[in-house]
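The structure under discussion appears below in the form of structure tokens.
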């Protein structure tokens, strides 16, 4: 069994794979103040409910965009499974070739998403990750990561309005009933949530035009279910794409 852990800026997601199947996921709020024991106990509790002892875990892999938490989750993996986790780093073989001006500046989450999408669909693909940031990543049909785009995430945008504009409230990120809002909350939901649907459609079309390609468009991330149903350009939503990418990278590294 494989334990895969995705450490994000807002959430940490742990996934347990048995063969090709994702058996269980556990989500934690990202908190650099919490010790390894906190995360280990949460994962062990999930394993206990599944009646799976830690010794059945034969491998683990960690990807992180929150460096202070990387050693904490590595220690949690060691305590759960007594195996040394593979830590994804920029530049390692991830199943896609990187064509990027500054590869050392490329977030490992983007590489993992690209690898996961290419492994699943085996064709050109644009991955849109709607999380703390909204990222767009294009992989060509021959498995080359060509780059993409980064925009502020929906939640960041909403919080910025709340913090910087005295008369604007904090809102729930729901798609509005109407785009022409009739009150302040509807207007903000229209501008942020419906606005991001327009952002996605516009950027995807520009990427297709620039590449001369018709890639599949796949959305992932915690806010994908909010926006994806309202985007004509999104072909699929893969909730656990990052975990699938981690599993794929682990298999590549193990077989090599």
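The values are calculated or read from the model by the stated rules, or taken from the named source; none is laboratory data. What you are looking at is a predicted structure, and each value in this text was computed from that prediction instead of being measured. Cβ coordinates were reconstructed from backbone atoms using ideal geometry, including for glycine residues, and neighbour counts include every protein chain displayed.
What the table below lists for this structure:
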item: Counted residues, segment 131-145 - those being at pLDDT 95 or above, over 17 Å from residue 249 (Cα atoms) and crowded, with 19+ Cβ neighbours inside 10 Å; result: 5
item: Some residue of segment 93-107 being touching a helix residue (DSSP H, G or I) at 6+ places or on another chain (Cβ under 6 Å) and surrounded by 24 or more Cβ atoms within 10 Å (Cβ to Cβ); result: yes
item: Of all residues in segment 216-244 being part of a loop (DSSP other than H, G, I, E, B) and under 22 Å from residue 17 (Cα atoms), the one that is nearest to the chain's Cα centre (by Cα); result: 221
item: Members of segment 92-132 found to be out of contact with any strand residue (DSSP E or B) (no Cβ under 8 Å at 6 or more places or on another chain), farther than 16 Å from residue 215 by Cβ and in a helix (DSSP H, G or I), listed by number; result: 103, 104, 105
item: Count - residues of segment 2-22 that are within 17 Å of residue 249 (Cβ to Cβ) and at pLDDT 90 or above; result: 13
item: Given (1) at pLDDT 90 or above; (2) surrounded by fewer than 16 Cβ atoms within 10 Å (Cβ to Cβ); (3) under 27 Å from residue 153 (Cβ atoms); (4) more than 17 Å from the chain's Cα centre (by Cα), index of the condition residue 25 fails; result: (4)
